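Have a look at the structure below, then the notes.
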Amino acid sequence: MSWTYLFAATLFDVIATVYMKQSDGFSKLFPTFIAITTFGASIFLLALALQKLEVIPVYVVWVGFGTALITILGILIYQEAISPLKLISVAFIVAGVIGVSLSSNALN
């Protein structure tokens, strides 16, 4: 169940980041409300995951997969620039997440 909490926390963090962008510096009420609410949900779920899982792989998964997802959404939603270096860099982040998780007894 802890891994479920962790992946849900990551998704909520990504949703919050997208809505924070749409809030236009917290000047638009609805996106601001969604951003703050989903950031809160993300932190709550992260705390639940940390009850059973080690802190290093939890944080690496939360930040690493979040970064990869935000990169994809930035390209798809906001037409942000894509380059081979950006894609390779994100691939290294994902590889690092997998490596840290496998080396930390995180799968137990």
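The values are calculated or read from the model by the stated rules, or taken from the named source; none is laboratory data. In this text the structure is predicted, and so the values were computed from the model without any measurement. Using ideal geometry, Cβ is built from the backbone for each residue, glycine included, and neighbour counts are taken over all protein chains shown.
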Breaking point among (1) under 20 Å from F12 (Cα atoms); (2) within 15 Å of the chain's Cα centre (by Cα), for F33: (2)
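Here is a yes/no grid of residues against (1) within 24 Å of Y19 (Cα to Cα); (2) basic (K, R); (3) modelled with pLDDT of 95 or more:
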position	(1), (2), (3)
G40	yes, no, yes
A47	yes, no, yes
Y59	yes, no, no
T67	yes, no, no
I72	yes, no, no
I88	no, no, no
I93	yes, no, no
N105	no, no, no
Any pair with Cβ under 9 angstrom, 6 or more apart, that starts in the stretch 48-68 at a residue that is among the aromatic types (F, W, Y) and ends at one that is assigned to a helix (DSSP H, G or I) and surrounded by fewer than 16 Cβ atoms within 10 Å (Cβ to Cβ): F65/F7; F65/V94
Test: I75 is under 15 Å from the mean Cα position of the chain (by Cα) and of a type outside the set (D, E, K, R): no
Verdict on V55 being β-branched (V, I, T) and touching a helix residue (DSSP H, G or I) at 6+ places or on another chain (Cβ under 9 Å): no
Residue check for A9: touching a Leu at 6+ places or on another chain (Cβ under 7 Å) and not polar (S, T, N, Q): yes
Qualifying residue in the stretch 13-28 (condition: among the polar types (S, T, N, Q) and under 20 Å from V100 (Cβ atoms)): no
